[in-house]
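Have a look at the structure below, then the notes.
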Amino acid sequence: MPILELKNVAKTYHTRFNANAVQALTDISLSVEAGEYVAIMGESGSGKSTLLNLIAALDKPTAGSIDLNGTELSTIPESRAAKFRREHLGFVFQDFNLLDTFNVKDNILLPLVLSKTPVPAMEKRVLALAPQLGLADKLTKFPYELSGGQQQRVAAARALITDPALLLADEPTGALDSHTADELLTLFGKLNQAGQTILMVTHSAVAASHAQRVLFIRDGRLFHQLYRGDLSQDELLVKISDTMTAMLAKQTPTQAGKTASADAAHTGKEAD
Amino acid sequence: MFYFRLAATNLRAHKRIFVPFLLAMTLLAIMNVIMLSVHADAGAIFGNNGVGVQAAATEMFKYGAIVMVILGVILAWYANGFLLKQRTKQLALYNVIGFGKRELRLMVEAELALCAAISISLGVLLGIAFSRLSYLVLGKMLGVPGHVAFGLDAVPLLQAAGIIALIYLLLVLLDANWLRKHRPLEMLRAASAGEREPKTRWLLLIIGLVALSAGYAAAIGITDPLGALQWFFIAVVLVIIGTYALFIAGSVFIFKLLRKNKRYYYQPAHFINVANMIHRMRQNGAGLASITILATMTLVTIATTITLYCGVPQIVAATDPADLSYLRATSAETKKSAITPAQNQAQVAALAAKHHVKIVKRTVATISASVPLRFVGNRVRLASDQDYSGLFGPKPGLMSSDLMTLAHYNQMTGRHLQLVKNEILLGGTRPLKQTTLQFGRAEPLRVRGTAKMAYQPNAAAMGNALLVFKDEAAMTHAVRAFGSKVAHFAAATLAAPQTTVYLQLKGTDQHQIALTHAIDRTKLGAMNVRGAADNRRTVLHWMSAFLFMGILLGIMFILATALILYYKQVSEGLADAKRYRILQQVGLSEREVKQTINSQLLTLFYIPLIVAGVHTAIAAPFIQRVLTLFQIFNWGQFAGIVAATLAVFAVLYVIMYKATAQVYFRIVK
Ligand SMILES: Nc1ncnc2c1ncn2[C@@H]1O[C@H](COP(=O)(O)OP(=O)(O)OP(=O)(O)O)[C@@H](O)[C@H]1O
Ligand SMILES: [Mg+2]
């Protein structure tokens, strides 16, 4: 049973000052199994953030259905969407989005406080989680006292503290240098090995190569997907780069298939 | 020249932030023009009153002007800070395109110079207009004496212009210092990186506590109304300092304490707000303190002037218990006068008839002495200075008392009462229920009955009492029993009684005034002629002027309050917009976000109102004591007016808050 299932999802933006509608997503269907680590790649403006926002119930699709952890998102009333998001999802952003008025510990505790968790239980969880993310000695610091990588780890801790069914990340390494980015990706890998389902949007082929599966979006449509299978990270990286090149060259997936690898099917599952 | 052109462009390009700033500075100029005009013309406005009142009024407006300048500096400082903060980005941009610190400084100075020119000229012009307008309205509606030319004097205009110019000079220095200390580019980076947690400023906290308690103590403890005016303004300055220090340092301290309490802090409603407050108070403490001070000034000014206006009958009654009274100096009282009491009466009656005034009642009272006495139970003693300085003015039981012999009393009332030794008659404008009276250490006197006052008091001012003794000897005995030097001096004058004629009149005020002047002019053995109508007109004039000024200033205060509220909402909306977006992403529903914002705004904006209420309540008894200088002793009335003013202001404040909160919500969304 997949943890996340999208069926024929579409999203059209109507801007207030412009009569033209922007078709940000068109007919997207995909499913994510529990314990999977999926990366989403695509050009700027291709609709990746839109997709993530829909999954996070921050926005509503124009058509199609999204099923998360057994709940159809459109059936959740507006007033309970925030609570649902808090309980089932963790979100990591490119620019960390920490609150500068809170210290590290309070930033991490934020979702738990909003869920009215008793103080002792909160303390226990933060003390258990912080060492895993290398934040044990940073709990009383304020965001401005931390490096970018540390801030992003705090954001990750905030996303993980509620034990979410799905961790969403929108370009989590976008604001980090390659070394810190690598550290964060290693961390994500470890979390995934421990059973955490992750859905990550990224521009970086290196980042995507940490995942088990890579989805490619072009102009709001699912363009292609790659499975890691038995490939090593470097081999996957090569395939990702090839697909990206093909996609940027605006080739069709079948043409891309020639340059990429023959075993990458359009949307079908790869035969292991 | 280049910089001025650049500055002009900047002003036009950043209308949204410069227009409120210019508005604030112009408002300040107007307020100063008006305040200084009144100070300069206080002598004329209060010209129909005693020298003491004139001096007191001039003094009061002098301190008012000082408080206004202090307020002006703080307000300008605040508005300027807002300006700088909103423009960091723009300054950084100029920095990028090659403006050095010197060039930036010159540009900012040119901007301030332009603003100064605009706000000073506009402020002086509008200041004249406002002063003139108030004068015109006053002249038309309330009939202020024509020779009061306030608003046209060049001196207060120059003074106000000078003060505003000096304030701008201060802003130039502040800006230069700011530019010296900061690099706009770095500021920009720092702003996006978040700000550091404010430390508890212990020194400021202690200064605030000390200043506020000292100010409160002075306002409550200094009960001598005459010497206290000076002290009151010291108290005002102390309270202002205390308010600012406590809003800035005390609030951080309290919210940090709250954060330490985990059970309280880790609740959704408190969590976000407490943390936010710790950070916001550093920037907002000064703004909130300004709002508090402005609100307090509004309340105090309006309540006081309304009380003075409503107190006109009391003020008049204190000096003129009857419609018309004069000291009779006829052949019956002095050997020198050629006019007999009968001639005097006939001539006054003739004059009254000529002036279309009917004499309803005529009372002739011969008083041996008039002394301030304090009645405590059965004991009577000579009032001391301390008796005048109770919490709400003179202490209870303090009565201005007339002493009269039985012979004169019988003459006045036309009766034939008898008193035996150790018996007296006692009467008063307030009920006196004593059955015996003991003067000093003398043996107690028995109160035989109620003495009828010579006149019907028009309003309850400070109490008046009438004591009727068997004869002069009994009276002398009683007064001497007080035992002091003053008492002996008073006893010595008992042998020279004075006769006052009290007339109750019927006729228009104008006719009564004419009659008063006619009696004063004609030589018919009348001295110290006083007409209540005449006095009432004068008192009403300057109380109206006072009320008018009070309301005008109140409007200014309220406008300034609205301006600060607006500024705060704009700057805070901008600062909070990102914060609330994050909260929404983390899992706060829009409704919860709105609730959080609301509860935060509520605390932020109702704290000043509450503190202003407390300040006013503390100041109220003191102001009442000062009001006794104007012969207003009814502190219940004053308390009622303060409460009503507070209620009206609270409603206005809520409206202003709601209106400006819209701005905030629009930005946050
Ligand atoms: N709130 C919005 N209103 C109108 N149009 C929008 C809105 N958000 C996104 N779009 C449009 O939808 C399209 C997809 O945007 P989206 O943010 O999903 O792209 P993206 O893949 O995340 O790009 P990037 O890699 O640059 O973050 C773009 O054309 C964008 O202009
Ligand atoms: Mg995006």
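Bear in mind these aren't lab numbers, they're just calculated from the coordinates by the rules spelled out. Keep in mind that this is a model prediction, so the values were computed, not measured. Positions of Cβ are backbone-derived with ideal geometry, glycine not excepted, and every protein chain shown enters the neighbour counts.
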**Asked** Roughly how many whole Å is it from the C-alpha centroid of the range B:499-529 to that of the range B:463-494?
**Response** 31
**Request:** Work out the count of Lys pairs in the range B:322-531 where the Cα-Cα distance is under 25 Å, with the pair 8 or more places apart or on different chains.
**Result:** 22
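Expressed as a whole percent, how much of the Cα-Cα distance distribution for the protein assembly as shown exceeds 49 Å? Mind showing how you got there, number by number?
Details: 205785 of 442270 pairs.
Of all Cα-Cα distances in the protein assembly as shown, 47 percent exceed 49 Å.
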**Fill in**
The whole-number value in µm²/s of the Stokes-Einstein translational diffusion coefficient for the range A:2-229, with Rh from the Kirkwood sum over alpha carbon pairs at 25 °C and 0.890 mPa s, is 135
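What is the local net charge at B:Val376, summed over the other residues whose Cβ is closer than 12 Å to its Cβ (Lys, Arg +1; Asp, Glu -1)?
On the way: positive: B:Arg374, B:Arg379, B:Arg381, B:Lys395; negative: B:Asp387.
Once all neighbours under 12 Å are counted, the net charge is +3.
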**Fill in**
Using alpha carbon centers only, the range B:574-597 is separated from the range B:202-273 by a whole-angstrom value of 31
**Prompt:** Size of the dipole of the protein assembly as shown about the Cα centre, Lys and Arg at +1 and Asp and Glu at -1 on the beta carbon, nothing else charged, in debye to 20?
**Reply:** 3380
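For a footprinting-style exposure proxy, rank B:Met25, B:Met475, B:Met527 by other Cβ within 10 Å, fewest first.
Values: B:Met25 27, B:Met475 24, B:Met527 11.
The fewest-first ordering by Cβ neighbours comes to B:Met527, B:Met475, B:Met25.
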**Request:** Report the paramagnetic label zone for B:Ala338: residues of the range B:509-523 whose backbone N is under 18 Å from a point 7 Å from Cα along the Cα-to-Cβ axis.
**Result:** B:521-523
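Residues of B:266-276, mean number of Cβ from any other protein chain within 10 Å of their own Cβ, rounded to a whole number?
Details: counts 10, 4, 5, 1, 1, 6, 7, 1, 2, 8, 3.
Taking all residues of B:266-276 together, the mean is 4.
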**Request:** Can you figure out the FRET efficiency of B:Gln267 with A:Leu237, using R₀ = 51 Å and their beta-carbon distance, to the nearest 0.05?
**Result:** 0.60
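Scaled to the compact-protein estimate 2.2 N^0.38 Å, what is the alpha-carbon radius of gyration of chain B, rounded to two decimal places? Mind dumping the intermediate values first?
Numbers: Rg = 32.1 Å, N = 669, 2.2 N^0.38 = 26.1 Å.
That ratio works out to 1.23.
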**Message:** When 1/r is averaged over all different Cα pairs and the result inverted, which Kirkwood radius in Å belongs to the range B:547-669?
**Reply:** 16.8
**Prompt:** With each pseudo-label sitting 7 Å past Cα toward Cβ, what's the B:His488-A:Asp95 distance in nm, one decimal?
**Reply:** 9.0
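Fully extended, how many nm does the chain gain between B:Ile555 and B:Leu170 (0.36 nm per residue separation, minus their Cα-Cα distance)? Numbers along the way, then the final one.
On the way: separation 385, 0.36 × 385 = 138.60 nm, distance 2.66 nm.
Full-extension gain reported as 135.9 nm.
At 30 Å minimum axial length over the Cα atoms and a Kyte-Doolittle cut of 1.0, report the qualifying DSSP H helices in chain B, or say none. List each step's numbers first, then the result.
Details: long enough: B:15-45 (43 Å, 1.54); B:51-96 (65 Å, 0.84); B:101-137 (51 Å, 1.17); B:154-181 (40 Å, 1.50); B:268-310 (50 Å, 0.78); B:532-586 (75 Å, 0.61); B:590-627 (53 Å, 0.69); B:635-668 (47 Å, 1.38).
Qualifying helices, which must be both long enough and hydrophobic enough, are B:15-45, B:101-137, B:154-181, B:635-668.
If we count other beta carbons within 10 Å of each Cβ, what is the order of B:Asp576, A:Asp219, B:Asp385, A:Asp67, fewest first? Don't skip to the answer; put the middle values down first.
Values: B:Asp576 21, A:Asp219 15, B:Asp385 9, A:Asp67 18.
With the fewest neighbours first, B:Asp576, A:Asp219, B:Asp385, A:Asp67 line up as B:Asp385, A:Asp219, A:Asp67, B:Asp576.
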**Fill in**
So, for the Cα atoms of the range B:322-531, Rg and Dmax in Å stand at 18.2, 54
**Inter-probe distance in nm under a simple model that places probes 7 Å from Cα toward Cβ, at A:Lys141 and A:Glu123** = 2.3
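Round to the nearest 0.05 the FRET efficiency obtained for B:Ala346 and B:Ala495 when R0 = 22 Å and r is the Cβ-Cβ distance.
0.15
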**Request:** Under 19 Å from a label point 7 Å along Cα→Cβ of A:Asp177: give me every residue in the range A:125-159 with its amide N that close.
**Result:** A:144-154
**Message:** Taking the square root of 5 times each eigenvalue of the Cα gyration tensor, what semi-axes in Å does the equivalent ellipsoid of the range A:14-90 have, largest first?
**Reply:** 23, 18, 11
**Fill in**
Under the 7 Å Cα-to-Cβ spin-label approximation, A:Lys83 and B:Asp385 lie apart by a distance in nanometres of 7.2
**Prompt:** So between B:Lys260 and B:Ser213, what do we pick up on full extension, going 0.36 nm a residue minus the alpha carbon distance?
**Reply:** 14.3 nm
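Let's test the formula: R0 of 45 Å, r as the Cβ-Cβ distance of B:Val614 and B:Ala113. What FRET efficiency results, to the nearest 0.05? Display every interim value, and only then the final one.
Details: r = 41 Å, r/R0 = 0.92.
Efficiency at R0 = 45 Å is approximately 0.65.
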**Asked** Under 16 Å Cα-Cα from B:Lys260, which lysines qualify once same-chain neighbours fewer than 8 residues away are excluded?
**Response** A:Lys105, A:Lys141, B:Lys199
